[in-house]
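Heads up: the structure comes next, in structure tokens.
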Amino acid sequence: MNLPIGLLARLYANSRRKKALANSKVKIKGYDVMLSEKVVFCIAMVPSLWCLYGLLLFFFTDFDGPALTLSIFSMPVFSFMGIMAAEAGVIDAKALRPYLMRIFPSNRRRLATLPAVRKDLQNNLRKLIKQVGPTLGRVYSEKTIDWKMIQEQSKGWEEVPHTPVTKKNE
């Protein structure tokens, strides 16, 4: 029911985004402009679409007054239901993607290597924690930590000056 407005909103918002990008020195992609323009366009055009549908019903059907009134006043409900159904469909389609990816052989080979990569990552992380952990003192070794006490003790410490890391030219 709202499909024509969605398509027109996409075209209109994209043209407005391009204009905003051309007039701005700080915008990178202009998605904020595109979203706000879509919202403004839809706020104005969706009720106009309902009026158009109402006129089409009035002139091209033989509905009587109550049926025509009910049809026109139910359009917002049907639009809302359509939006909710489309959103649920998009969510379900995203959930299907991993299952569909398993069908293709190239993805199956890549997915087969993931457990080994994960295991290697876990081992490297454990080694790093064993190496760096003892330097943290009580924070690393004690089961429970009184963070308020640690904050109180650290108030007297001087801040260590920060030296930015720079890349060496090779």
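The values are calculated or read from the model by the stated rules, or taken from the named source; none is laboratory data. Small disclaimer: the values here were computed from a predicted structure and weren't measured. For neighbour counting, all protein chains shown are included, and Cβ atoms are generated from backbone atoms with ideal geometry for every residue, glycine included. These accessible areas exclude ligands, DNA and RNA; they are computed on the full protein's heavy atoms, side chains included. Shrake-Rupley method; radii C 1.70, N 1.55, O 1.52, S 1.80 Å.
Brief remarks on what is shown
- For the stretch 1-27, a residue qualifies if it is modelled with pLDDT of 90 or more, open to solvent by 100 Å² or more (accessible area, probe 1.4 Å) and charged (D, E, K, R), and the qualifying residues are 10, 18, 19.
- Residue count for the stretch 37-57, restricted to those that are surrounded by 14 or more Cβ atoms within 10 Å (Cβ to Cβ) and closer than 13 Å to residue 9 by Cα: 8
- Scanning the stretch 24-44 for residues that are hydroxyl-bearing (Ser, Thr, Tyr) and either touching a residue at least 12 places away in the same chain (Cβ under 8 Å) or assigned to a helix (DSSP H, G or I) (or both) yields 31, 36.
- Close pairs from the stretch 80-104: first touching a residue at least 60 places away in the same chain (Cβ under 8 Å), partner open to solvent by 70 Å² or more (accessible area, probe 1.4 Å) and not in a helix (DSSP H, G or I), Cβ under 6 Å, at least 6 apart: 82/1
- Residue identified as in a helix (DSSP H, G or I), more than 18 Å from residue 3 (Cα to Cα) and more than 20 Å from the chain's Cα centre (by Cα) among 98, 66, 47: 66
- Checking the stated criteria, residue 72 turns out not to satisfy the condition of being over 23 Å from residue 4 (Cα atoms) and of a type outside the set (Asp, Glu).
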